[in-house]
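Worksheet: one structure, shown below.
Bear in mind these aren't lab numbers, they're just calculated from the coordinates by the rules spelled out. Treat the numbers as computed from the prediction; the structure is a model and nothing was measured. For neighbour counting, all protein chains shown are included, and Cβ atoms are generated from backbone atoms with ideal geometry for every residue, glycine included.
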Amino acid sequence: MRRTGKIIGMIICILVIVAVLALGIFIGSETFNGLTNTVPREETLENAKSYMNKYDDFIKDKEVSEIKIKSSKFDYEIPAIFIKNPKGSDLALMVHGMGGTKYSMYQQGEVLYDLGYSLLIYDQRNSGDNRCEYSSFGVLESYDCLDALAYAKKSINKKNKVLLYGQSYGGATVLIAASRDDSSIDYLVLDCPVADSNEFVDEVFKNIERKEGLPAWIMRFTGNIFLKGKLGFSLDDIDASKWAKDSNIQSPILIINSDADTVTPYHMGEEIYKSIVNNKKELYTTKGYDHLEFSETNPEEFKKVLIDFLDKYK
């Protein structure tokens, strides 16, 4: 009788363990999918329909090439456009934000083109024509950025200067890429950049905890296991400002933020500024502009800020 009771107890324990593991796997899988597919690629393609006419107006009478850049680290190609500027020899590599594509930065691209830069703009992972399955808060995207830089130096701009521009989520990509290797970067411009993506992740976890009762720590713990297992990094790695602090970026850097930005709040620009160890850094804070609104709606002032920065560190 006792032996039977022990066997039943063991079976119950095994079933409980299996149920807990199954629940953990389910939560981890769902958390991973939510973290790495915040804006699905299909949605970025749908978004593009709203601005393609403006992009077409921008490239009218310009020399534009669609190109593919081979990823050096992963098995895919990085779709990009190259817009040649006959009036200058320098190059601006541009990195879009969450939900954007290589066609979405026509406003900022117009300003840089007017300053004499040719433009190389590519689709980030899981965006536009880039079929790489997962977004990664700039961590793996940074390798694409470095590949685009290497392509630019080898095939387009062997001797002249390269300006690396990243907006919002693309700002995190650019900062992590520069933290890995800034040897090919002459200027860094971060427009309303993301500093620590954990700020967004933790807010989502807390909202789910309030609405569904699922503890945030469980989502973070199980999500981290899936991130590490599938993509090789954890949530500890998605703080772009920490990447900068732990590196030795020597390129001059301009950070543009706004005191009214509700997407990447004012403090994010400040955190990045403080994390840069060199003294070739500028923080320009706009007043009253929403997220990316300054560079999109006030091109002349945006151009002036860029010129002042470039003249100071030329």
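For LYS154, list the lysines whose Cα falls under 18 Å from its own Cα; do not include residues on the same chain fewer than 8 positions away.
LYS68, LYS70, LYS73, LYS84
List the residues, sorted by chain then number, that are 5 or more residues from TYR289 or on another chain and whose placed amide H is less than 5 Å from its amide H.
So TYR289 has HN proximity to ASP259, ALA260.
Semi-axes of the chain's equivalent ellipsoid from the Cα gyration tensor, sqrt of 5 times each eigenvalue, largest first, rounded to whole Å?
41, 20, 18
Give the residue list of trypsin sites (Lys or Arg not before Pro) in region 121-178 that are DSSP loop and have at most 15 other beta-carbon atoms within 10 angstrom.
ARG131, LYS158, LYS159
So how many Lys-Lys pairs in region 210-298 land under 19 Å Cα to Cα, not counting same-chain pairs under 8 apart?
Within region 210-298, the lysine pair count is 7.
Let me make sure I get this right: for region 269-314, a, b and c are the square roots of the gyration tensor eigenvalues over alpha carbons, sorted descending. Under 1.5 in a/c it's rounded, otherwise prolate if a/b > b/c, else oblate. Which is it?
oblate
By its C-alpha gyration tensor, with a ≥ b ≥ c as the square roots of the eigenvalues, how is region 37-148 shaped: rounded for a/c under 1.5, else prolate for a/b larger than b/c, else oblate?
Verdict is oblate for region 37-148.
Explain nothing, just the number: dipole magnitude of the chain about its Cα centre with +1 on each Lys and Arg Cβ and -1 on each Asp and Glu Cβ, in debye rounded to the nearest 20.
That gives the chain a dipole magnitude of about 1240 debye.
Mind giving me the nanometre distance, one decimal, between the label points for VAL263 and ASN279, set 7 Å out from Cα along Cα→Cβ?
Reported label-point gap for VAL263 and ASN279 is 3.5 nm.
What is the pair-distance distribution P(r) of region 85-132, computed from all Cα-Cα distances in 5 Å bins starting at 0, with each bin given as a whole percent?
Pair shares across the bins are 5, 24, 28, 18, 14, 8, 3.
By how many degrees, 0 to 90 and rounded to 10, does the Cα axis of helix 266-275 deviate from the longest principal axis of the chain?
80 degrees
Quick one: angle between helix 216-231 and the longest Cα principal axis of the chain, in degrees between 0 and 90, rounded to 10, please.
70 degrees
Which of the chymotrypsin sites (Phe, Trp or Tyr not before Pro) found in region 209-292 are loop residues per DSSP with 16 or fewer other Cβ atoms within 10 Å of their Cβ?
Counting only loop positions with at most 16 other Cβ atoms within 10 Å, the chymotrypsin sites (Phe, Trp or Tyr not before Pro) in region 209-292 are PHE233.
Can you work out ³J(HN,Hα) from phi for every residue in region 280-297, in order, using Karplus 6.51 cos²θ - 1.76 cosθ + 1.60 and θ = phi - 60°, giving whole Hz and x for Gly and Pro?
Residue by residue, region 280-297 yields 8, 9, 9, 10, 10, 9, 8, 10, x, 8, 6, 4, 6, 5, 4, 6, 8, 10 Hz.
Which lysines, on any chain, are close to LYS54 with Cα under 17 Å apart, when same-chain ones fewer than 8 places away are left out?
Within reach: LYS62, LYS102.
What does the extension gain come out to for GLU270 and VAL64, with contour length at 0.36 nm per residue minus their alpha carbon separation?
70.5 nm
If Lys and Arg each add +1 and Asp and Glu each add -1, what is the summed charge of the other residues whose beta carbon sits under 12 Å from the beta carbon of SER179?
Once all neighbours under 12 Å are counted, the net charge is -2.
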